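Every read-out reported here was derived from the displayed coordinates using simple, explicitly stated rules and does not represent laboratory data. What you see is a predicted model; the values in this text were computed from it and never measured. Glycine also receives a Cβ, built like all others from the backbone with ideal geometry; neighbour counts cover every protein chain displayed.
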Amino acid sequence: MKRSELRHKIQNSSLGFIAGYVDTLGFVALFGLFTAHVTGNFVLIGAEMANPQGGPLLLKILALPAFLFGIVFARLLVAALQANGRHALLYLYIVELFLLTAFMALGTLATPIGHEPTFYAGLAGIVGAMAMGTHSGYGRLLLSHLVPTVMMTGNVTQLVIDVVDVVRGAADANVKRRCIKFLWPVVSFSLGAVGAAFAYHWFGFLALLLPICMMFHLMYIERGALHKNQHHNEYKRKLAKQHQGKAIPQ
């Protein structure tokens, strides 16, 4: 397996785990708020409006514009960085890292969380949704060759279709590769979701240290790949200059 392929698998699995983890932690900690699967809040908003229970309706409503703001910010930042020849993905990792850290800090300040959202609890939910909006945005913009990591419904649908074709013997090599490609992000998202529920029970919002550490690891991998590409490009330029020098007639 090439190093680039291994890096892509680590990226896809790690980002899937982070999305599932953060989404579940927000749901468990903040009154059933979805930070990653943000359209799921529509269901909860409709249920709350039809049968008012005094729940945090406003927080679920605000999660959508917060998520959208994260996408808009990611798009504008990627455009600005690419226009200046910068490696955008590393910077977007830093933005998500900052937002996840802020999510953890605000959630910790809001602890203990009662039946109604306080100022810090509401702000934590908004920042968490912004983090996942940024996550979703740069995934589409910079990692389109990977499986989406925020919304798993489409991934599960494709995975089941491919598994059925494999079982009935109608799958070629491309379908088998796609099946494996879609499998690991789905599994990682599921593990993140289950892990977050237990982690929050044990550690509260400090459980977000795990996805924060994973973001540091992704940044380390991306920085290493960037340096390797820079050295490779410098080597190619030196070779090109040497060939040009030999081609000049004496």
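Who wins for biggest fluctuation among 36, 83, 121 in a Gaussian network model of the chain, springs between alpha carbons below 10 Å? Looking only at 36, 83, 121, the biggest GNM fluctuation is shown by 83.
Against the chain, whose longest principal axis comes from its Cα atoms, helix 3-29 is set at around 10 degrees. Going from the fewest other Cβ atoms within 10 Å to the most, the residues 23, 165, 172 appear in the order 172, 165, 23.
With distances taken between every two different alpha-carbon atoms, region 31-88 has a Kirkwood hydrodynamic radius of 13.1 Å.
Per-residue Cβ neighbour counts within 10 Å put 190, 14, 144 in the sequence 144, 190, 14, beginning with the fewest.
To the nearest 10 degrees, how steeply does helix 153-167 sit against the main Cα axis of the chain, on a 0 to 90 scale? It works out to around 60 degrees.
Counting other Cβ atoms within 10 Å as a rough exposure proxy, the listed residues 132, 49, 215 run 49, 215, 132 from fewest neighbours to most. Per DSSP helix of 4 or more residues, -39500 (n - 2.57); summed, then divided by the residues of the chain. What does that give at 222 nm, rounded to the nearest 500? That calculation yields -28000 deg cm²/dmol at 222 nm.
Seen against the Cα atoms of the chain and their longest principal axis, helix 119-142 is set at about 30 degrees. Over region 126-206, the Kirkwood radius and the radius of gyration, each from Cα atoms, give a ratio Rg/Rh of 1.08.
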